[in-house]
1. How about the range A:101-126: which of its residues are surrounded by fewer than 16 Cβ atoms within 10 Å (Cβ to Cβ) and of a type in the set (A, V, I, L, M)?
2. Would you point out the residue of the range B:181-229, among those that are assigned to a helix (DSSP H, G or I) and more than 14 Å from every other protein chain (Cβ to nearest Cβ), that is farthest from B:Leu94 (Cα to Cα)?
3. Among the numbered criteria (1) away from every other protein chain (no Cβ under 14 Å); (2) at pLDDT 95 or above; (3) more than 16 Å from ligand 4 (Cβ to nearest atom), which single criterion is violated by A:Pro158?
4. Search the range A:108-129 for residues that are assigned by TED's automatic domain parsing to the domain that holds A:Ser84 and pair each with any residue that is among the small types (Gly, Ala, Ser) and within 13 Å of ligand 4 (Cβ to nearest atom) when their beta-carbon atoms are under 7 Å apart and the residues are at least 6 apart or on different chains.
5. Scan the range B:333-340 and tell me whether some residue there is in contact with an Asp or Glu (Cβ under 7 Å, 6 or more places away or on another chain) and touching a residue at least 24 places away in the same chain (Cβ under 8 Å).
6. Filtering the range B:157-175 down to residues that are in a helix (DSSP H, G or I) and in contact with a Cys (Cβ under 8 Å, 6 or more places away or on another chain), which residue is nearest to the other protein chains (Cβ to nearest Cβ)?
7. In this structure, is A:Ile43 outside any loop (DSSP other than H, G, I, E, B) and within 14 Å of chain B (Cβ to nearest Cβ)?
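The values are calculated or read from the model by the stated rules, or taken from the named source; none is laboratory data. Given the structure is predicted, the values throughout are model-derived calculations rather than measurements. All Cβ positions, glycine included, derive from the backbone under ideal geometry; neighbour counts span all protein chains shown.
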Amino acid sequence: MLSDALKQKFDAVIARYPVKRSAIVPLLMFAQDEAGHVTEEAIQEIAQRVGVRPIEVIEDIGYYSMLHRRPIGRYNLQVCTNISCMLRGGGAIFEHCSKKLGIGHKQTTPDGTFSLEEVECLGACCGAPAMQVNYDYYENLTPETIDALIDGLRKKNPASET
Amino acid sequence: MADPITLTIDGKPVSVAAGTLLIDAAKQVSVEVPSFCYYPGLSLQGACRMCLVSIEKMPKLQTACTTVVTNGMVVHTETPEVKNARKSMLEMLLTNHPLDCPVCDKGGECELQDAVFRYGAAETRFLETKIHEDEKKFSNLVYYDRPRCILCYRCIRVCDEGMDVNAYGIGFRAAHSEIIPNRGEHLECEECGMCIDICPVGALTSGTYRYKTRPWELTYTGTICNHCGDGCKTTLSVRNHEVIRANNRDHSGINGEFLCVKGRFGWDFVNNPQRLTLPRIRRNGKQEESSWEEALSLTADKLKSILAAHGPDSVAVVGSNRTTNEENYLLQRFSRTVLGTNNIDHHRTADFSSLVGALTAAKATDRYATMENIVGAKHIFLIGNDPTHQHPLVAYQIRQAVRQHGAQLYVISQGDIKLRRQAARYLQVQLGGEAAVVSALVGASALPNNLIAGGSEAFGAFAESLKSAVDLVILFGDAIRGDEVRTMVRWGLSMPGETRFAPLGDYANSRGAADMGMLPGNLPGYAPVTDESARRKFESAWGQATPISSGLHIKAVAEGIEAGRIKALLVFGSNPARTFGLSKSTLAKLELLFVAELFSTETAECADVVVPATSFAEKSGTFTNTFGQVQALKKTMRKAGTKSDLEILLALARLLGHKWSYQSADDVLREIIALVPGYAIALPNLLIGRAVATRPEGTPPPLEKPDLIFSSRDNLFGSGTLSRYSWALNSVDEARKPYGHEF
Ligand code: SF4
Ligand code: SF4
Ligand code: SF4
Ligand code: FES
Ligand code: FES
């Protein structure tokens, strides 16, 4: 069930656009924020609200790599390996994350805490190598800063959060 | 019309209408511009860049499929630059392509293969590992192989624009882009297979045809679909006396490339192992296999003794609405002369007879609508039918008319039909409301408010909008029958322009059954049996007298069997036990129940004699579609053990002492052309595969009982006996959705 708060948000967002379908991506982001991924119900609801076929919403989810149709980890580590980051050791950063978490590209740890993804330029070249965790950016990464970050996130166990 | 545009293509001057696309203008001077995503009739995509040409005064190469011609344009299609661009585009399309042509289902008829042969380069600069994806089963009938897909969007567009189903999308992006179905990993759709047919490569393949053969090993025969009343042309591909595919190969005729799920996949009842191939005779309460001689002579002997003891009217005949005109014509001749009774009827699904009567009375027999009239129509009035389910080609053509030239569609219906999406006006009614609205339109009666959703206000708005309609094409289902047809015609003819009419009946030859006089009160061509001069015409051709008063309609026959007055029932290609609810105990009262059928239906199970009939693929003849257009059926293959109704009737007539001189279906057709009013058609037109319109004229007797006309309301996947024995039609989940379900 989509929450009432989310539905109200949908109303507000759609009202902002002269052409309703322009609201699809922001609506998907809000829906994903609430459930962790875009649920089938959210797809139907969004399609119906902006007046397109569900398949068109599904197309958008596939197009944008930050939208997910299946559940992913509580923290999604998106490591940039595009040109600037590559030159500054982005590849090694990705490998380090992979080894530490025991998962590869687009995989999730069994406890559902972390997912890992190799992504294209995050627009943070000046701080390369860079990574995005959910909506937060981390720059000038080294294996040490990554260890600290991951350990810190693990301590913030989502199950103990209220 | 605007002045034509003149331009030069490869040095050849050409004049075309304003608005023409460059790629089409090139065709007029035999210049071939290669293309993949361009598809006439669909929206422009500009996705594949195969059609690049050089246009003077334009900086870069241009796509010929999206460029509209202008005066003085100078185009070159064979410059080194253009040739190079084609090579590069093909090289790019092949980067992830498996090039598995030797084992690909499309090999030999693949547009990519042809283009690479003609324009491609032999070498590739791409040396990375190809991206592989396993083949996906979208449904039992549609499979998708991502590596072969060239992302031309044809499947998406034909499903959106042609079918209005919108089942496909593009998933992911860049080199990982792929076609995705609407329900997760699967399709939920009309399963028409248009997407398979239109796919230029072997990416979309058919569940019934894939990997069975190479296309050049097949024999192709153009014939007509056997399922609904629309009469689509189809090409059956046969190997070793087995049909393995159907598509309208040359895109000709009233349906172009269209086939619905029944036409494209539902022919497989022909190959069903449950087909009857030996006659059966009931002995001591049990049916046992017998020889043809035994089955037919037993039938003839029983008929002789019943006729001698109880007279001709103790026998009744039920004909088919899916056998040929020739067979129907012979069947009524058999009934009227060999048996001597007018007790002949069939399942009537639309009131063709009343339309003929009404148009003849109004001197307007030039106002029968044809399928082509729908495509060209500006205003279409659809009353009491759901073409998406009952007439898939009609639905397709209505969508074309609305999409291509903005036709206005007006709909009156009980349920919320899918075509409402295209309708400019829609009026929802209760049972019986269709006829009430028609009669209110003509002012013949006041509007019964309770029958219409929205009451008189909704009706008023609907009637008002109809006022602007000209050249209306009126399509009506079983809700309008008898006198209501006359009322509708009166109203229609009072409208401006040339109003045209077409009844929408179920099944491949419902119209032909009525036209050929398979009715208790009608001779072939709609003259009443009581009309002496009409009778004379047939009697002198046949050299025999025919009965002078109307026979019993099917419901009266049922009562007659119950009361013991009807002793023998001959059933050809129909299943009255199911259609008319004749129970086992009723049928058991008969002294002789003879059935000619493809399968052991509920009726056949009760029969004293069952003989195995040939299917549409195994015989020649003609069908008349629900619009009265006659088309030729061609024999595609043989089925050992079966006989056509024509052969069965000739044999029975001979055994009953009648010498008929017909050698083939052609002989019967020639007689139909000579004798049946409205059927004076030109044979050559038929033979070259045209749909030849008929214009029957006559004064048939009024409809005896309104409820003699009723549609089966089959859903998109149904057509009575035939669809029950089709693996393909029963294999898809969608077949279990109720009539009226929208995809
Ligand atoms: S599946 Fe076929 S029709 Fe569809 S995009 Fe791919 S190549 Fe084109
Ligand atoms: S089979 Fe027909 S309805 Fe289904 S996806 Fe293909 S084109 Fe669309
Ligand atoms: S629309 Fe009718 S005639 Fe055409 S393919 Fe379908 S069932 Fe056959
Ligand atoms: S290349 Fe990594 S952020 Fe731009
Ligand atoms: S045919 Fe012109 S871009 Fe595909």
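1. Of everything in the range A:101-126, nothing turns out to be surrounded by fewer than 16 Cβ atoms within 10 Å (Cβ to Cβ) and of a type in the set (A, V, I, L, M).
2. B:Glu217
3. If we test A:Pro158 against (1) away from every other protein chain (no Cβ under 14 Å); (2) at pLDDT 95 or above; (3) more than 16 Å from ligand 4 (Cβ to nearest atom), just (2) comes out false.
4. A:Leu122/A:Ala130; A:Ala124/A:Ala130; A:Cys125/A:Ser84; A:Ala128/A:Ser84; A:Ala128/A:Gly90; A:Pro129/A:Gly89; A:Pro129/A:Gly90
5. no
6. That would be B:Cys159.
7. yes
Here is a yes/no grid of residues against (1) surrounded by fewer than 19 Cβ atoms within 10 Å (Cβ to Cβ); (2) more than 14 Å from chain B (Cβ to nearest Cβ); (3) closer than 15 Å to A:Asn134 by Cβ; (4) within 21 Å of the chain's Cα centre (by Cα):
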{"site": "A:Lys20", "(1), (2), (3), (4)": "yes, yes, no, no"}
{"site": "A:Met29", "(1), (2), (3), (4)": "yes, yes, yes, yes"}
{"site": "A:Leu77", "(1), (2), (3), (4)": "no, yes, yes, yes"}
{"site": "A:Gly89", "(1), (2), (3), (4)": "yes, yes, no, no"}
{"site": "A:Phe94", "(1), (2), (3), (4)": "no, yes, no, yes"}
